[in-house]
Amino acid sequence: DLRTDEGTTDMGLKAEQFANTNDNFKTVTFEVTDGYMTIVPVDEVVVTITGHHDTSDYDGKEHSVSGYDVEISTPLYKEADFTFSGEAEAARTDAGTTNMGLGEGQFKNNSKNFKKVTFKVTDGYQTINPIDVTVTITGANNTTDYDGKAHTVSGYDVEISNSLYKEADFTRS
């Protein structure tokens, strides 16, 4: 019989399926041993999962990345042979790194044709790099003629090279 998956299929041969057609033999006993087809599972498959990643410079907007790449050690094992339970996404707005959180426990083998399936997982991530900014502080000026009295000047003007950076982002000590 035909078989493609792991397991055993008997042919189904039985003595009663055979009959003597030669009249020269009075009693013919058929001793039948059934045949079978056995397919044994492949010993080990390694599935390498690599989460997608992206790096952007800070621009005040959310950036995100999703998905993962799959490499399988044998062409007999397909992506349809395993399931993923999780979210392969990472999003970030401010400087730093957010991981997807991919882990081996989120991947499950569904095929009986492979004895051992090992998932090797590299997490994906979204990184936002901090950017440079120049803050130009110009102190106020006061010019007056000498009159013997104390005079003061206070205040300053601020010029910032990037509109994402605000005066509230720094302090004066």
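The values are calculated or read from the model by the stated rules, or taken from the named source; none is laboratory data. If you're wondering where the values come from, they're calculated on a predicted model, not measured in any experiment. Quick reminder, even Gly has a Cβ in these numbers, built from the backbone with ideal geometry, and neighbours come from all protein chains shown. Areas reflect the complete protein model, heavy atoms only, side chains present, ligands, DNA and RNA absent. Shrake-Rupley method; radii C 1.70, N 1.55, O 1.52, S 1.80 Å.
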Near the amide H of ASN113, under 5 Å away, which other amide H atoms are found, from residues 5 or more places off or on another chain, if H is placed in the peptide plane? GLU6
Expressed as a rounded percentage, what relative contact order does the range 39-143 have, with Cα pairs under 8 Å and six or more residues apart? 39
Could you provide, to the nearest whole Å², the per residue accessible area of the range 62-173 with probe 1.4 Å? 73
Positive-end residue, the chain charge dipole about Cα centroid, Cβ charges, pick of ASN109, GLY96, VAL65: ASN109
Sorted by chain and number, the residues with a modelled amide H under 5 Å from that of TYR58, at a separation of 5 or more or across chains, are ASN129, ILE131
Roughly how many percent of the accessible protein surface of the chain is carbon and sulfur, given a 1.4 Å probe and a whole-percent answer? 45
If each K or R counts +1 and each D or E counts -1, the residues other than VAL47 whose Cβ falls under 13 Å of its Cβ total -2
Considering the values (1) 1.05; (2) 2.43; (3) 1.12, which represents Cα Rg over 2.2 N^0.38 Å as calculated for the structure under consideration? (2)
Sort ASP69, ASP34 from largest to smallest accessible area, using a 1.4 Å probe on the heavy atoms of the protein chains. ASP69, ASP34
Separation between Cα centres of the range 94-162 and the range 1-33, rounded to whole Å: 77
Count the net charge of all other residues whose Cβ sits under 13 Å from the Cβ of ILE137, scoring Lys and Arg as +1 and Asp and Glu as -1. -2
